[in-house]
Amino acid sequence: MSGIVAGVPQLTTERSTITVTPGLALGLAALAAAAVTVLSAFSGLVNGLVAAGVAVALVAVADLAIRPRRGVPPLYHYAPEAPEEARAHGTPTTAVVEHRQTRKVRGGATLVTWRLLVAGHNGRPYRTTTMATCPHDAVPTHGVGTVVAVRVHREHEGVVVVVEDTPTEPPPTRPSRPVRELPGTPRPEHGIVTTEFRGALLLLVPLLLGALTPLCVLALA
């Protein structure tokens, strides 16, 4: 089994892509509007108390729009239901744990991240990442080299969850050539996944609109 995991790069949760969603755009626009509102108060264009109240409301809107749902692993923030869909209705198969890391999160829970070599349905293995938030006293102990039972999301092949079933399928064979690398992140129902550079350009639009909105309101007042 050690041959399977040889040469696997260190597991990382960093991504070279960004998911641009309506919520993210709304949140950034609200933050930009709040910043311009505060600056307008310092410039004497609007009453300070009024500006403070408006800014607080805008920051609250931004927080609700951007803040991830509590208890949802980072991979699934844009589609929190994806891992449970995979667990309930996914296709069963097996995988080999190539890397594992844990870290404490809020509330005393533990976030477990696995890098898996999954036995694909067509006999071609692929790699993906999966996460799970577990109580501190119920953290799975599957270590590197362990063959585990998993379920694969029917629509998002990269979304794989480790289950406690006994593996019934043969483990994936050692790949003789590079295999597919899937990020494990489900595509959001609303929004687009793009490069960080293009995402930054796209997000300039709501930032500019948010910054201009309070100036337009002041000009019309």
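Details
- Some residue of segment 181-193 being assigned to a strand (DSSP E or B), at pLDDT 85 or above and open to solvent by 90 Å² or more (accessible area, probe 1.4 Å): yes
- Filtering Ala200, Ala219, Ala211 for residues that are surrounded by fewer than 13 Cβ atoms within 10 Å (Cβ to Cβ) and farther than 23 Å from Asn122 by Cα leaves a single hit, Ala219.
- Selected residue (criterion: most open to solvent (accessible area, probe 1.4 Å)) from residues of segment 46-103 that are β-branched (Val, Ile, Thr) and closer than 16 Å to His153 by Cα: Thr91
- Any chance Ala149 is outside any loop (DSSP other than H, G, I, E, B), in contact (Cβ under 8 Å) with a residue 60 or more places away in the chain and not acidic (Asp, Glu): no
- When residues of segment 133-143 are limited to those that are open to solvent by 20 Å² or more (accessible area, probe 1.4 Å) and either modelled with pLDDT of 90 or more or in contact with a Ser or Thr (Cβ under 7 Å, 6 or more places away or on another chain) (or both), the one nearest to Val193 (Cα to Cα): Val139
- Selection status of Val36, at pLDDT 90 or above, hydrophobic (A, V, I, L, M, F, W, C) and open to solvent by 50 Å² or more (accessible area, probe 1.4 Å): no
- Flag if Val150 is open to solvent by 20 Å² or more (accessible area, probe 1.4 Å), among the aliphatic types (A, V, I, L, M) and within 23 Å of Thr110 (Cβ to Cβ): no
- Flag if Val159 is of a type in the set (Val, Ile, Thr) and either open to solvent by less than 20 Å² (accessible area, probe 1.4 Å) or on the phi > 0 side of the Ramachandran plot (or both): yes
- Pro172 modelled with pLDDT under 85 and open to solvent by less than 20 Å² (accessible area, probe 1.4 Å): yes
The values are calculated or read from the model by the stated rules, or taken from the named source; none is laboratory data. Bear in mind the structure is a predicted one, so any value in this text is a computation, not a measurement. In this analysis, Cβ positions are derived from the backbone assuming ideal geometry, glycine residues included, and neighbour counts consider all displayed protein chains. Surface accessibility is based on the protein's heavy atoms, side chains included, excluding ligands, DNA and RNA. Shrake-Rupley method; radii C 1.70, N 1.55, O 1.52, S 1.80 Å.
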